[in-house]
Amino acid sequence: MAPPLLHLQDIHLAIGGQALLAGAELAVHEGDSIALVGRNGSGKSTLLKIAAAIVEPDGGDRFFQPGTTLRYLPQEPDLTAFDTVLDYVEEGLAPGDAHYRAQYLLEELGLTGKENPSDISGGEARRAAIARVLAPEPDILLLDEPTNHLDLPAIEWLESELKLIRSAKVIISHDRRFLENLTRNVVWIDRGTARRSNRGFANFEAWRDEVFEQEQIEEQKLKQKILAEEDWIRYGVTARRKRNVRRLGELGALREKKQHMAQNRPQGDVKMSATEGENSGKSVIKARNISKSFDGRTIVKDFSMEILRGDRIGIVGPNGAGKSTLINLLTDGLVPDSGSVKLGTNLQMVTLDQKRESLNPDWTLKEALTTHDGDMVQVGDSSRHVVGYMKDFLFRPEQARSPISVLSGGERGRLMLARALAKPSNFLVLDEPTNDLDLETLDLLQEVIDDYSGTVLLVSHDRDFLDRLCTTTLYAEGDGRWTEYAGGYTDMIAQRGSGVTARKAAKKEKASKAQSTSTEETSAPRQQKGLTFKDKHLLETLPAKMDDIQGKIDRLRARLEDPDLFSKDPETFNKAAKALEAQEELLAKAEEKWLELEILQEELGES
């Protein structure tokens, strides 16, 4: 195997006297696609910063192949030194990079490039930062939570773009579907060290559990060996004094090993459960022909739905579609312009807001959980000591007096869950509950909701989370229309034929602008000024896309060549035949577009 482009060896780093990384390793080869996983606080982001030469470790080696290009996507990009967003993106380009890609990527991500960095939102800053790292097409991409603040259209666009780009990738993300679709290898940061698996992220949990199980077996064997040695020391032949002294030393070494293993056991699991109240009535919400508009824009139009006890409703759509507005209308937080909403009887509703707005940053952790009253937390009908309840959500006892302002995003997420799940409820309203949660906490939250006998109303951009939990999906079709689909996100795609697309209003604005430009040009003879940013991008990426489609066609043809397939499994044969027809059509369209652009490029003399 060729030497790695980037290699971190035996990396050590302590923060505040506590070891964060203790011998961690990361090797990135050409073409690698690595999921970097681990619990919040395990050191993933720190290791990525060491790889990007932003943080200097206390010990270890960093090898970087000469001539290799690298770009790093931080969780919180800083654009303050730039006049426009385009300036920020172009500053990341090196001599010889294609400058058109900066503008192309910004437009694909819903930005013009003219925005003032001081006026943009966190989501827009994240989109600009993604454009900045993708534009140069570097040899190595280090991406820290690239899907944060992105809606589903942007997430799925980013997936397709990263599949086309040839850069080696190291990705930190809590989005399970994103990691499954993009990565082939897993590096797991656990208790300061890094383990690597080439079995893919889909097999990560099984591999992790195997590691923990093997550690438990080894610890049990060690305990048995210590017991045997202690028994020999007590009852062995005392005349063999020298041998006794040697074995006594070995026993001491075994005890030290056992103590080390005990200190380095896996961090405890989150112990999460929802406090359930009394049953609600059978009908939870009845909405009849409700409509709502703001500033002349229709958010909800003539919408009707009945939600029954036990339903799990997922609400999906692009940013700005009105998902939170629909939740507020359904839960009586907003009055509709027309129509009616009737809430069922005996409802005990608990809400988790996506912005963590109900958390006062000046509160301590203890105050947030006890509502400023003593040391006890009211969990349903019983009381628990605040420190014990904190431990269930992976908080350390010494954090009880820490202000909320110093907590990480993941810790704030766990705190919100701790507060919400302590209250008796039969109706959970969860607006982006997965933000900043690590994979283990996400798994447990899924189990909690799965076991919950009440009703759940859920907004999320996490496709895997929606698929696992939702019995119904509400989709924002645009122009205030909302459609109900049975099942989760993947089921919705099967019924609609497509996933979430960008908000139509944004598309109309672009179309109107293009039409205006076209009208201005009709007054003078039409003249082709050159290839557009998108055309240039397609010229670069279509060959790789065509190769990918051709590979799928070859595999489908090989499957259909099996003479026994139709007789053994006609359903599989028919599916494969339809898939082959669709892929051949895609290939024909791609080849036609590429040829058209090649001819145009030659005519313009831009080749």
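The values are calculated or read from the model by the stated rules, or taken from the named source; none is laboratory data. Predicted model, so just to flag it, every value in this text is computed and none were measured. Note that we place each Cβ from the backbone using ideal geometry, even for glycine, and neighbour counts take in every protein chain shown.
Annotations
Residue by residue, here is whether (1) farther than 18 Å from ASP438 by Cβ; (2) part of a strand (DSSP E or B); (3) not assigned by TED's automatic domain parsing to the domain that holds VAL316 holds:
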{"position": "ILE171", "(1), (2), (3)": "no, yes, yes"}
{"position": "HIS174", "(1), (2), (3)": "no, no, yes"}
{"position": "TRP188", "(1), (2), (3)": "no, yes, yes"}
{"position": "ALA194", "(1), (2), (3)": "no, yes, yes"}
{"position": "GLN220", "(1), (2), (3)": "yes, no, yes"}
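- On the stretch given as the stretch 74-94, residues that are part of a loop (DSSP other than H, G, I, E, B) and within 25 Å of the chain's Cα centre (by Cα) total 7.
- Test: ALA420 is touching a strand residue (DSSP E or B) at 6+ places or on another chain (Cβ under 9 Å) and hydrophobic (A, V, I, L, M, F, W, C): yes
- Residue match in the stretch 181-200 (condition: within 26 Å of ALA131 (Cβ to Cβ) and surrounded by fewer than 19 Cβ atoms within 10 Å (Cβ to Cβ)): yes
- Subset of the stretch 114-166 (residues that are touching a residue at least 60 places away in the same chain (Cβ under 8 Å) and assigned to a loop (DSSP other than H, G, I, E, B)): PRO136, PRO138, ASP139, GLU145, PRO146, THR147, ASN148, LEU150, ASP151, ARG166
- Residue identified as surrounded by 19 or more Cβ atoms within 10 Å (Cβ to Cβ), in the same structural domain as GLY113 (by TED's automatic domain parsing) and more than 18 Å from PRO136 (Cβ to Cβ) among ALA27, ALA51, ALA81: ALA27
- Flag for ASP438 being among the acidic types (Asp, Glu), in contact (Cβ under 8 Å) with a residue 24 or more places away in the chain and surrounded by 21 or more Cβ atoms within 10 Å (Cβ to Cβ): no
- Qualifying residue in the stretch 113-128 (condition: in contact with an Asp or Glu (Cβ under 9 Å, 6 or more places away or on another chain), small (Gly, Ala, Ser) and buried (at least 24 other Cβ atoms within 10 Å of the Cβ)): yes
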